[in-house]
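The values are calculated or read from the model by the stated rules, or taken from the named source; none is laboratory data. This structure is a prediction, so every number in the text was calculated from the model and none was measured. Quick reminder, even Gly has a Cβ in these numbers, built from the backbone with ideal geometry, and neighbours come from all protein chains shown. Note: areas computed on protein heavy atoms with side chains; ligands, DNA, RNA excluded. Shrake-Rupley method; radii C 1.70, N 1.55, O 1.52, S 1.80 Å.
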Amino acid sequence: RKEVEQDPGPFNVPEGATVAFNCTYSNSASQSFFWYRQDCRKEPKLLMSVYSSGNEDGRFTAQLNRASQYISLLIRDSKLSDSATYLCVVEGGYQKVTFGTGTKLQVIP
Amino acid sequence: SAVISQKPSRDICQRGTSLTIQCQVDSQVTMMFWYRQQPGQSLTLIATANQGSEATYESGFVIDKFPISRPNLTFSTLTVSNMSPEDSSIYLCSGGRTNTEAFFGQGTRLTVV
């Protein structure tokens with residue numbers, strides 16, 4: 001089993017739709033969790049951290065389920081500009097970081 | 001936040017040669033890291049660049065193949081030595097307080113022929 005697994009997609013959704021991505025991790029001792037966004041041929045950029053209580057930033061909501069070892073990212077009211085690959089990142093302590101392979105989102109007009 | 005300038009942005013190199021990639025940060029950062037991202041793959045950490053001392057390499061990566069320098073808190077280089085086509089990849093540096101809350105350079109797209 002991979003340390004961090006994501007559905008590669010692509011997820012093709014119409015503008016205005018709500019879309020959710022899940023990411024599972026294998027290391028139960030993992031400490032911190034993040035979502036990054038990577039546009040085509042660009043560097044990854046931090047989108048948001050994921051907290052145990054769940055957190056929201058505008059149209060984006062991230063949640064963590066430690067018992068089931070997954071994190072999720074919900075995007076509401078999808079915009080064309082949301083089209084990108086979303087990378088799940090898990091930190092397992094001692095600065096050991098694992099990136100998922102990413103989930104590709106394509107928002108269609 | 002920090003802005004990281006990475007160069008070259010791309011290069012095509014002959015096998016057996018070496019390429020040095022540079023990253024310049026516009027402010028002092030505690031940590032700097034080097035990653036590789038192969039097509040359709042996740043980012044893989046190569047090493048942590050330590051200021052004033054030898055880099056800390058991840059499993060599967062060695063100093064002879066990927067020598068790293070970090071002379072100060074704003075600059076680091078990664079050399080890909082004795083290149084082969086298997087080294088063709090995107091190489092990314094990042095810097096920040098930690099390696100998860102870090103900012104990335106624009107990446108170097110390397111093709112070895």
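Among the residues of the range B:91-111, is there at least one that is open to solvent by 40 Å² or more (accessible area, probe 1.4 Å), farther than 16 Å from A:Lys96 by Cα, facing chain A (nearest Cβ under 9 Å) and part of a strand (DSSP E or B)? Yes, that holds for at least one residue.
Let's see how each residue does on (1) closer than 18 Å to A:Lys42 by Cβ; (2) crowded, with 18+ Cβ neighbours inside 10 Å:
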position	(1), (2)
B:Gln28	no, no
B:Gln41	yes, no
B:Ala49	no, yes
B:Pro67	no, no
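Listed here are the residues, each with its yes/no results for (1) open to solvent by 30 Å² or more (accessible area, probe 1.4 Å); (2) in a strand (DSSP E or B); (3) within 14 Å of chain B (Cβ to nearest Cβ); (4) of a type in the set (A, V, I, L, M).
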{"site": "A:Glu5", "(1), (2), (3), (4)": "yes, yes, yes, no"}
{"site": "A:Ala20", "(1), (2), (3), (4)": "yes, yes, no, yes"}
{"site": "A:Phe34", "(1), (2), (3), (4)": "no, yes, yes, no"}
{"site": "A:Leu47", "(1), (2), (3), (4)": "yes, yes, yes, yes"}
{"site": "A:Ala62", "(1), (2), (3), (4)": "no, yes, yes, yes"}
{"site": "A:Ser78", "(1), (2), (3), (4)": "no, no, no, no"}
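Within the range A:80-94, restricting attention to residues that are in contact with a strand residue (DSSP E or B) (Cβ under 7 Å, 6 or more places away or on another chain) and of a type in the set (S, T, N, Q), which residue is farthest from the other protein chains (Cβ to nearest Cβ)? Only one residue fits best here, namely A:Ser83. Reported count of residues in the range A:79-104, each being in contact (Cβ under 8 Å) with a residue 12 or more places away in the chain and touching an Asp or Glu at 6+ places or on another chain (Cβ under 6 Å), is 3.
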